[in-house]
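Shown next, in structure tokens, is the structure this report addresses.
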Amino acid sequence: MSALRFYSFGPHKIPESQVFYRSKFCLGLVNLKPITSGHVLVITKRVVPRMRDLTEEEAEDMMISAQKVGRVVEKFFKGTSLTMTIQDGPQAGQTVPHVHMHVIPRIKGDWANNDDIYDALDSKKGVDNDERKPRTTEEMKQEADQLSIFFDQYKEE
Ligand code: AMP
């Protein structure tokens, strides 16, 4: 029987079944409370709270990882654009003190006013709030499995 492996996302323990992308310094995770289909996170492997804490290599890898993950989730979830955003520190809306980029597929008309997506990400105002029901481990695993397969196929195209 193989032991379950976990990664850290701030104080949270993320089972590897929820990770669909790995690079030298970063991971792609499915989201516990996505604000829309395909809202995923690119995090650093090292647990540090702020962008300023990253080495240049980590920051570069995060950007390249976001580009790769964005390409895949946009295609998989049939988006036509992406919102990619980092809430860098608590006053900027960060709730998990571990550097992470939100990668969110967008389609025409998904939010009536484009920038309302930032309200949706707001832990106090938006759908990304404490009252929202978290997804089950199984739901998250299923999405990560689908994305991993798609990632492998898409890389070869
Ligand atoms: P922020 O408010 O910018 O710090 O974003 C935190 C993000 O992490 C939100 O999108 C949450 O839904 C997500 N999140 C929180 N806990 C977990 C977890 N255990 N697994 C996956 N995503 C999480």
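The values are calculated or read from the model by the stated rules, or taken from the named source; none is laboratory data. Small disclaimer: the values here were computed from a predicted structure and weren't measured. Because the Cβ atoms are built from the backbone with ideal geometry, glycine has one as well, and the counts that use them run over all protein chains shown. SASA here: full protein model, heavy atoms, side chains in, ligands and nucleic acids out. Shrake-Rupley method; radii C 1.70, N 1.55, O 1.52, S 1.80 Å.
Structure values in brief
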item: Chain lengthening between Met63 and Phe6 when straightened (0.36 nm per residue, less Cα-Cα); result: 18.2 nm
item: Cross-link pairs beyond the 23 Å C-alpha cut-off, checked among Lys45/Lys68; Lys78/Lys141; Lys24/Lys108; result: Lys24/Lys108
item: Area accessible to solvent at Met51, 1.4 Å probe radius, in Å²; result: 70 Å²
item: Distance in nm between pseudo-label sites at Ala92 and Ser23 (7 Å out along the Cβ direction from Cα); result: 1.8 nm
item: Loop sites in segment 1-66: trypsin sites (Lys or Arg not before Pro), DSSP, at most 15 other Cβ within 10 Å; result: Arg5, Lys24, Lys45, Arg46, Arg50
item: HN-Hα J in Hz across segment 25-31 - Karplus 6.51, -1.76, 1.60, θ = phi - 60°, x for Gly and Pro; result: 10, 10, 9, x, 10, 6, 9
item: Paramagnetic label zone (point 7 Å from Cα along Cα-to-C-beta, Lys33; backbone N under 19 Å) in segment 96-112; result: 96-105
item: Three-way shape label, segment 33-102, alpha-carbon gyration tensor, a/c 1.5; result: oblate
item: Rounded accessible area per residue of the chain, 1.4 Å, Å²; result: 58 Å²
item: Phe76 - accessible surface, heavy atoms, 1.4 Å probe, Å² rounded to 10; result: 60 Å²
item: Estimated translational D of the chain in µm²/s (Stokes, Kirkwood radius over Cα pairs; 37 °C; 0.692 mPa s); result: 206 µm²/s
